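Novice: Please find one structure pasted underneath; my questions will follow.
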Amino acid sequence: MNTVLSKVEAEDKCSDTDMFLNPGELEVKFSKYPFILDNTRRLMDQCHMDFPDGKVKLNRKSFTGNQRDDRVLLEKLVLEGMVYRYGKTNKEAQRRLKYELKVIYDMNFCSYFLITWDIIRYSMSRGYYHVGRGSGANSLVAYCLRITDVDPIELDLYFERFLNEQRSSAPDFDLDFSWDEREDVQNYIFKRYGSTHTALLGTMTTFRDRSVIREIGKVMDLPKAEIDGFTDRSKEQQNRANETFKKIQVIHRLMSDMPNQRSIHAGGVLPELTTTALEDAYHELELLGYPVSLSMFELLKTSFRGNVMSKQMNTHIGSVVRMVGLYVCEKTVHTKSNKKMWFGTFLDVKRDFFDTVHFPGSTPSYPFRGAGCYLIEGKVVEDFGCAGLEVIRFAKLEIKGNPVME
């Protein structure tokens with residue numbers, strides 16, 4: 001629904017008696033609408049998922065057609081690559097290649113190295129630049145095949161970090177290509193090795209720990225600062241006494257480890273991205289806590305910026321005015337009767353400061369709702385020669401919606 005919980009109408013929420021019905025009950029309820037039942041059955045018949053039991057083994061076992069020829073070809077290519085990288089007389093390179101090749105032979109990974117070499121050969125023939133990174137850079141065989149460009153002998157890198165005889169899972173090479181060349185490389189792989197041996201890798205993230213708290217906090221429309229406090233492990237003892245946090249924890253126990261997002265692994269094709277200033281501003285809010293591409297005033301839904309600016313307040317002493325201010329800070333104090341009152345500091349759209357005072361009874365129990373812009377109605381008063389605003393009404397202003405989520 002792309003909204004916060006407080007804005008969900010009662011008719012949009014399920015009641016305590018709502019439940020999933022079994023197929024027979026559903027068919028009875030919709031018996032007057034057979035076309036709905038027919039469409040539902042047709043849709044269900046088109047859904048088919050057939051996963052074999054156990055581990056799926058679709059990796060291609062051979063590059064040339066048999067493992068013996070794979071071994072011969074790999075050794076030939078590696079020795080040619082050694083001459084290209086080190087010349088013919090480098091004893092250390094010869095010794096290490098002999099050791100690495102034995103491990104690769106014994107673990108039946110010749111085809112894996114040859115397929116990766118074939119991908120690199122194709123990309124280089126097309127003039128594409130690539131970067132081989134990760135633990136694969138520890139392999140001298142990979143360096144001689146030009147899969148990587150990091151010299152493991154010069155940098156004293158250990159091959160065992162990439163591949164060793166105690167490892168039960170296959171190693172992996174991380175290969176980076178430019179966004180405008182990657183799709184062509186992927187097409188080559190699918191055409192060369194076929195859909196039975198080639199696939200894009202899917203990822204599934206689940207709701208875990210702090211991510212659950214953040215998502216629930218957003219639905220509850222809590223200020224980012226409050227959500228950050230609930231995810232701060234140093235405040236764990238303090239949060240346990242917070243009623244809002246207790247509600248979040250109840251939902252947390254129900255959502256923990258449930259699926260969150262499905263996506264394609266970073267090996268997917270990334271097109272050239274075009275963004276707007278509004279999208280950039282939202283990313284900055286998430287990462288930095290404040291926007292850079294736009295000001296907070298430019299993010300507001302309303303174009304109203306107040307009928308008085310900070311520098312004009314001295315000429316409006318005693319008048320009731322409406323001002324729009326960007327929250328800077330606040331201070332809570334107690335009156336003689338032990339009631340709370342607040343002092344606030346804000347910036348107007350021209351970046352000039354002004355102060356507010358919130359007396360008990362004239363504002364909510366806690367008027368501030370985190371960072372952002374506020375519409376403030378109040379009486380301009382003078383204290384020690386400085387103008388301030390004695391608040392009558394006070395509300396946080398909404399900002400434009402996130403275009404990424406719309």
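The values are calculated or read from the model by the stated rules, or taken from the named source; none is laboratory data. Bear in mind that the values here come from a model prediction, so they are computed numbers and not experimental data. Virtual Cβ from ideal backbone geometry, glycine too; neighbours counted across all protein chains shown.
Novice: Of all residues in segment 220-233, which are exposed (fewer than 15 other Cβ atoms within 10 Å of the Cβ) and either in contact with a Lys or Arg (Cβ under 8 Å, 6 or more places away or on another chain) or touching a residue at least 12 places away in the same chain (Cβ under 8 Å) (or both)?
Specialist: The answer is Asp221, Ala225.
Novice: Run down Ser111, Ser62, Ser135 and say which single residue is modelled with pLDDT of 90 or more, surrounded by 14 or more Cβ atoms within 10 Å (Cβ to Cβ) and within 28 Å of Arg161 (Cβ to Cβ). Spell out how you get there, then give the answer.
Specialist: Details: Ser62 fails: modelled with pLDDT of 90 or more; Ser135 fails: modelled with pLDDT of 90 or more.
Among Ser111, Ser62, Ser135, only Ser111 is modelled with pLDDT of 90 or more, surrounded by 14 or more Cβ atoms within 10 Å (Cβ to Cβ) and within 28 Å of Arg161 (Cβ to Cβ).
Novice: List the residue pairs whose Cβ atoms are under 8 Å apart, where the first residue sits in segment 199-217 and is not assigned by TED's automatic domain parsing to the domain that holds Thr231, the second is among the aliphatic types (A, V, I, L, M) and part of a strand (DSSP E or B), and the two are 6 or more positions apart or on different chains.
Specialist: Leu200/Ile264; Leu201/Ile264; Gly202/Ile264; Thr203/Ile264
Novice: Let me ask something else. Please give the number of the condition Asp106 fails out of (1) surrounded by 14 or more Cβ atoms within 10 Å (Cβ to Cβ); (2) within 22 Å of Ser169 (Cβ to Cβ).
Specialist: Just one mismatch for Asp106, condition (1).
Novice: What are the residues in segment 147-178 that are out of contact with any Phe, Trp or Tyr (no Cβ under 8 Å at 6 or more places or on another chain) and of a type in the set (D, E, K, R), if any?
Specialist: Of everything in segment 147-178, those that are out of contact with any Phe, Trp or Tyr (no Cβ under 8 Å at 6 or more places or on another chain) and of a type in the set (D, E, K, R) turn out to be Glu154, Asp156, Glu160, Arg161, Glu165, Arg167, Asp172, Asp174, Asp176.
Novice: So Gly344 passes all but one of these: (1) buried (at least 19 other Cβ atoms within 10 Å of the Cβ); (2) in a helix (DSSP H, G or I); (3) free of Cβ contacts under 8 Å to residues at least 60 places away in the same chain. Which condition number does it fail?
Specialist: Among (1) buried (at least 19 other Cβ atoms within 10 Å of the Cβ); (2) in a helix (DSSP H, G or I); (3) free of Cβ contacts under 8 Å to residues at least 60 places away in the same chain, the lone unmet condition for Gly344 is (2).
Novice: Could you say which residue among Tyr143, Tyr112 is within 26 Å of Leu201 (Cα to Cα) and without any contact (Cβ under 8 Å) to a residue 60 or more places away in the chain? Reasoning before the result, please.
Specialist: Details: Tyr143 fails: without any contact (Cβ under 8 Å) to a residue 60 or more places away in the chain.
Every option except Tyr112 fails the conditions.
One line per residue, one yes/no per condition, for (1) at pLDDT 80 or above; (2) loosely packed, with under 12 Cβ neighbours inside 10 Å; (3) in a strand (DSSP E or B):
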position: Thr244; (1), (2), (3): yes, no, no
position: Gln249; (1), (2), (3): yes, no, no
position: Arg262; (1), (2), (3): no, yes, yes
position: Val269; (1), (2), (3): no, no, no
position: Thr275; (1), (2), (3): no, no, no
position: Leu278; (1), (2), (3): yes, no, no
position: Glu284; (1), (2), (3): yes, no, no
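Novice: Return yes or no: is Val324 surrounded by fewer than 12 Cβ atoms within 10 Å (Cβ to Cβ) and assigned to a strand (DSSP E or B)? It would help to see each step written out before you state the result.
Specialist: On the way: surrounded by fewer than 12 Cβ atoms within 10 Å (Cβ to Cβ): no; assigned to a strand (DSSP E or B): yes.
When the stated conditions are applied, Val324 does not pass them.
Novice: Then there is this: Filter segment 287-308 down to residues that are crowded, with 16+ Cβ neighbours inside 10 Å and out of contact with any strand residue (DSSP E or B) (no Cβ under 7 Å at 6 or more places or on another chain) and give me whichever is farthest from Pro403 (Cα to Cα).
Specialist: Across segment 287-308, the extreme among qualifying residues is Ser295.
Novice: Still on this structure, I have one more. Does Gly127 satisfy the criteria of being surrounded by fewer than 18 Cβ atoms within 10 Å (Cβ to Cβ) and modelled with pLDDT of 95 or more? Full working, then the answer.
Specialist: Values: surrounded by fewer than 18 Cβ atoms within 10 Å (Cβ to Cβ): yes; modelled with pLDDT of 95 or more: yes.
Spelling it out, Gly127 is indeed surrounded by fewer than 18 Cβ atoms within 10 Å (Cβ to Cβ) and modelled with pLDDT of 95 or more.
Novice: Among the listed residues Glu75, Glu80, which satisfies the condition of being more than 29 Å from Leu201 (Cα to Cα), surrounded by 15 or more Cβ atoms within 10 Å (Cβ to Cβ) and not aromatic (Phe, Trp, Tyr)?
Specialist: When all the criteria are applied, what remains is Glu75.
Novice: Considering every residue within segment 145-152, establish whether at least one is surrounded by fewer than 16 Cβ atoms within 10 Å (Cβ to Cβ) and of a type outside the set (Phe, Trp, Tyr).
Specialist: Narrowing segment 145-152 to residues surrounded by fewer than 16 Cβ atoms within 10 Å (Cβ to Cβ): 149, 151.
Those still in the list that are of a type outside the set (Phe, Trp, Tyr) too: 149, 151.
Within segment 145-152 (the criterion being surrounded by fewer than 16 Cβ atoms within 10 Å (Cβ to Cβ) and of a type outside the set (Phe, Trp, Tyr)), the answer is yes, since at least one residue qualifies.
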